[in-house]
1. Positive end of the dipole of the range 34-215, charges at C-beta (+1 Lys, Arg; -1 Asp, Glu), about the Cα centre: which of Gly180, Pro67, Cys95 has its Cα farthest in that direction?
2. Could you give each residue of the range 222-235 its phi-based ³J(HN,Hα) in whole Hz, using Karplus coefficients 6.51, -1.76, 1.60 with θ = phi - 60°, and x for Gly or Pro?
3. Could you name the lysines in cross-link range of Lys189, using Cα to Cα under 26 Å and dropping any fewer than eight places away on the same chain?
4. Once amide H atoms are placed 1.01 Å from N in the peptide plane, what residues at a sequence separation of 5 or more from Trp319, or on another chain, have their amide H within under 5 Å of its amide H?
5. Excluding Lys108 itself, what net charge comes from residues whose Cβ is under 14 Å from its Cβ, given Lys and Arg +1 and Asp and Glu -1?
6. Between the DSSP loop rule and a limit of at most 16 other Cβ atoms within 10 Å, which trypsin sites (Lys or Arg not before Pro) in the range 115-213 are left?
7. Treating each Cα of the range 34-215 as an identical point scatterer and ignoring solvent, apply the Debye formula and state log10 I(q)/I(0) at q = 0.08, 0.11, 0.19 Å⁻¹.
8. What are the ³J(HN,Hα) values, in whole Hz, obtained from phi via the Karplus relation 6.51 cos²θ - 1.76 cosθ + 1.60 with θ = phi - 60°, for each residue of the range 309-314 in sequence order, with x given for Gly and Pro?
Amino acid sequence: MATLPQFTILILFLLSCTTFTRTEAYDALDPNGNITIKWDIISWTPDGYVAVVTMYNFQQYRHIEAPGWTLGWTWAKKEVIWSMVGGQATEQGDCSKFKGNIPHCCKKSPAVVDLLPGTPYNQQIANCCKGGVISSWAQDPSKAVSAFQLSIGAAGTTNKTVRLPRNFTLKAPGPGYTCGPAKIVRPSKFLTPDKRRVTQALMTWNVTCTYSQFLAQRTPSCCVSLSSFYNDTIVPCPTCSCACRSNNFLPGGCIDPDASHLVSAVSSLGTNRLAPVIRCTDHMCPVRIHWHVKLNYKAYWRVKITITNFNYNMNYSQWNLVVQHPNFNNLTHIFSFNYKSLNPYADINDTAMLYGIQFYNDLLMQAGPAGNVQSELLFQKDKATFTFEKGWAFPRKVYFNGDNCVMPPPDAYPWLPNGSSRQLTSPIILIMTLFSALAFLYRFV
């Protein structure tokens, strides 16, 4: 039978797990981030309507990467999709009851994907055909939108007879998003190309989808290591940050980079681009971010950031890194990365989004010699706050592609050799205590 202290520890552990789940569903650095799906009916047909479905990625730094999004829903009645432009249903379903003209999709719960680049122009609409890849809003608003058009049959033909679809799902490309119910909103308005006339949708409804890292994957996807010029210690990613090492290279295992025959066998593991094939490390994370405090000048200090890809199965296109540090309000120069300030706390400028330069380093290659990107940051010192003590020079939070990375424990950070060395402090205290005890005993001799 468990004792009272053991029972208390068990309760605290369960509560911490519950807290983790809820916390990961809310992103304090992007509290209003979501993907909004807008469904605009633009014309009526004899047995239904034509609609344009547009997805807006209002997340500041979480984008949708290859192989892209998959949008699903359940029809309220017995609707069918007669035709589509800019997208396609993944399955046609049972259309055997139709004679002559066969619908594009007859499934009760269709799943729709974006068309690929290079699609013929007569099958395109604006903002389509990018393979389902959508940029984050802060990184590139012009590419943060995706759309397709569909013609619906066996549906209502007026605002009063149309029934809204239910149970919307969004995979981007895997799980992680939870979509709310469709809600009728004020009809959208559109500006004609000559900008002299405004048209209006016949009916509009919105669906809002929010992201949870805990739902997307039970384990983290990145970790952070630290080092500095003033200490020889390199603080690695915590052991088992993302998983623990296994003895095989199947899912859940890893690949020894020195075993070339195993690396060549990666291609035979299948075509599932979502399944990571990880290089064997103590942390077992697909991505590691290393923060190195490089130089100290009189009025400035310099940091080097290196992002390393340990995944043999994936290139990270349009990657981004979000870092929280109090000295970003004094960032003077950044080399070989783009920079954008994020202000989640109003006027406090302590959060930055870093991302690659197009056609130069915006593609983080698979694990190997080319599987890393790096840059340096030059900060001006604020005499009121600047210090190298107590880990101040290291980041508070780090996100890669929108996922929170595992940080080393604070007591493991590199420390200054003068005055804060834990290895020197304990012997000094011990010697002082011994002398005090001897002086106390000498009084009674």
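1. Gly180
2. Karplus-based 3J(HN,Hα) across the range 222-235 equals 7, 8, 10, 10, 9, 7, 8, 6, 8, 8, 6, 6, 9, 7 Hz.
3. Within the straight-line cut-off, Lys189 pairs with Lys38, Lys130, Lys143, Lys160.
4. Gly356, Leu364
5. Numbers: positive: Lys77, Lys78, Lys97, Lys107, Arg163, Arg166; negative: Glu79, Glu91, Asp94.
Value of the local net charge: +3.
6. When the trypsin sites (Lys or Arg not before Pro) of the range 115-213 are filtered for loop state and at most 16 Cβ neighbours within 10 Å, Lys160, Arg163, Lys195, Arg196, Arg197 remain.
7. The calculated log intensity ratios at q = 0.08, 0.11, 0.19 Å⁻¹ are -0.24, -0.47, -1.44.
8. Listing the rounded values in order: 9, 9, 9, 7, 10, 7 Hz.
The values are calculated or read from the model by the stated rules, or taken from the named source; none is laboratory data. Values in this document were obtained by computation on a predicted structure and should not be read as measured data. Note: ideal-geometry Cβ built from the backbone for every residue, glycine included; neighbour counts use all protein chains shown. Note: accessible area is taken over every heavy atom of the protein model, side chains too, but ligands, DNA and RNA are not part of it. Shrake-Rupley method; radii C 1.70, N 1.55, O 1.52, S 1.80 Å.
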